[in-house]
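Everything on this sheet refers to the single structure shown next.
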């Protein structure tokens, strides 16, 4: 496909649709004779949905990082991984949502060739960082359930930070070609100049190869690893006999945490499935452009991006510890108040029986 009226992938991982502004001239179907009306509708609807996702994703994931970081009692391996997942989702929202919305709405890519490469690179990096953090969370749950005693020396904060660092280094390194094979491209449509951030096939890279590798590395492989871990783990978890070296309370706690991680993984798989299928079909030239398919693609993007802001809600509903920690951060008085002398006076706090005071004394 060498034509200037070719289909163009837009900004997000080649995850977005072809430029909406050019759909009217694609001649794929008579449904797009009124392409300007479609462009007008998209330009009004997309900012609303993407704006909502951006705000909720930024606030929700930032709260997760603050809540866990502000509560020393929550410094566990699982919560370190949750912080990393929230950070990756936060970066994904920052690098993906506003630029995807811009590419849907505007006829030109306004940020230049260099920023196109940077954005594409970090979108791929953060998307992979999110899913492979889920793999680490599943591995952590597997060790905690199947080898609760033996894994205590392995499931440490130091090892969790080491694992997190390793996945970031590997992903940052292997994603370098993504920036090289993307760039800003000018084209003409109905005597008007347009531009888009696209996959540059003339650089010798295969669009199908890129999309297939993304599909496998960001969806199929990690979800396969997670599924194998959970099949082994759940079999052990739910069939374990009472008694033994692990208390009933400890088993209940592990089940609750495991249930939370399972829900997070399932939500990820469901949210990303539609857009992954659509992108693969487009790379195979099997995705016809119609009003329905464009609508389906926009909805699929919204659902996929919603995954980056739904995790904080899941933590709030499924984790009592998270709810308690959130209340402590939001409603605790300051450590010091002004006394009669005008000098700071320590505020009085009462440690409850379960240790959930606002300011624990070290």
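The values are calculated or read from the model by the stated rules, or taken from the named source; none is laboratory data. No experiment lies behind these values; they were computed from the predicted model shown. FYI the Cβ positions are ideal-geometry reconstructions off the backbone, even for glycines, and counts take in every protein chain you see.
Among the residues of the range 102-127, count how many are in a helix (DSSP H, G or I) and buried (at least 16 other Cβ atoms within 10 Å of the Cβ).
Total satisfying the criteria: 15.
Could you list, in sequence order, all residues of the range 292-313 that are over 14 Å from the mean Cα position of the chain (by Cα) and farther than 20 Å from residue 101 by Cβ?
Of everything in the range 292-313, just one residue is over 14 Å from the mean Cα position of the chain (by Cα) and farther than 20 Å from residue 101 by Cβ, namely 292.
Take the range 173-211 and flag every residue that is closer than 18 Å to residue 92 by Cβ and either in a helix (DSSP H, G or I) or at pLDDT below 80 (or both).
174, 178, 179
Confirm whether residue 214 is within 25 Å of residue 285 (Cβ to Cβ), part of a helix (DSSP H, G or I) and in contact with a strand residue (DSSP E or B) (Cβ under 7 Å, 6 or more places away or on another chain).
It is false that residue 214 is within 25 Å of residue 285 (Cβ to Cβ), part of a helix (DSSP H, G or I) and in contact with a strand residue (DSSP E or B) (Cβ under 7 Å, 6 or more places away or on another chain).
Can you tell me which residue among 325, 248 is surrounded by 20 or more Cβ atoms within 10 Å (Cβ to Cβ) and at pLDDT below 85?
That would be 325, the only listed residue that is surrounded by 20 or more Cβ atoms within 10 Å (Cβ to Cβ) and at pLDDT below 85.
Would it be correct to say that residue 108 is over 23 Å from residue 262 (Cα atoms) and at pLDDT below 90?
Yes; evaluated as a whole, the condition is true for this residue.
What residue, among those in the range 112-124 that are without any contact (Cβ under 8 Å) to a residue 40 or more places away in the chain and farther than 22 Å from residue 304 by Cα, is nearest to the chain's Cα centre (by Cα)?
So, considering only residues that are without any contact (Cβ under 8 Å) to a residue 40 or more places away in the chain and farther than 22 Å from residue 304 by Cα, the one nearest to the chain's Cα centre (by Cα) is 115.
Would you be able to say whether some residue in the range 311-320 is in a helix (DSSP H, G or I), at pLDDT below 70 and in contact with a helix residue (DSSP H, G or I) (Cβ under 9 Å, 6 or more places away or on another chain)?
Checked against the condition, which is being in a helix (DSSP H, G or I), at pLDDT below 70 and in contact with a helix residue (DSSP H, G or I) (Cβ under 9 Å, 6 or more places away or on another chain), the range 311-320 yields at least one hit.
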